[in-house]
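Enquirer: Quick one: this structure, given as structure tokens, is what I'll be asking you about.
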Amino acid sequence: METLEVTYNDLHSQIEELRCLMIDAATLHGISSLDTLRYSEELDKLIMQAQLQNP
């Protein structure tokens, strides 16, 4: 059970980090830039993973 919590907490840390990177990229390069879209896609994957781990 502890391993799942660590993984879940790690995911949330990664999600927050990516969210900040995505916002920074959007601010600097626009919302349709490749960097922003790349961060958005990775963020979507992590959010889905977190949701699947925490039913």
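Enquirer: Mind listing P(r) for the chain? All alpha-carbon pairs, 10 Å bins, whole percents.
Expert: Histogramming the chain at 10 Å steps yields 26, 44, 22, 8, 0 percent.
Enquirer: How large is the charge dipole for the chain, taken about the Cα centre, if only the Cβ atoms of Lys, Arg (+1) and Asp, Glu (-1) carry charge, to the nearest 20 debye?
Expert: Once rounded to the nearest 20, the dipole reads 180 debye.
Enquirer: I would also like to ask the following. What FRET efficiency comes out for residue 23 versus residue 45 if R0 is 30 angstrom and r is the Cβ-Cβ distance? Round to the nearest 0.05.
Expert: 0.95
We did not get these values from a lab; they are worked out from the coordinates using the rules stated. Here the structure is a predicted model, which is why all the values come from computation and not from measurement. Glycine gets a Cβ as well: all are built from the backbone with ideal geometry, and neighbour counts include every protein chain shown.
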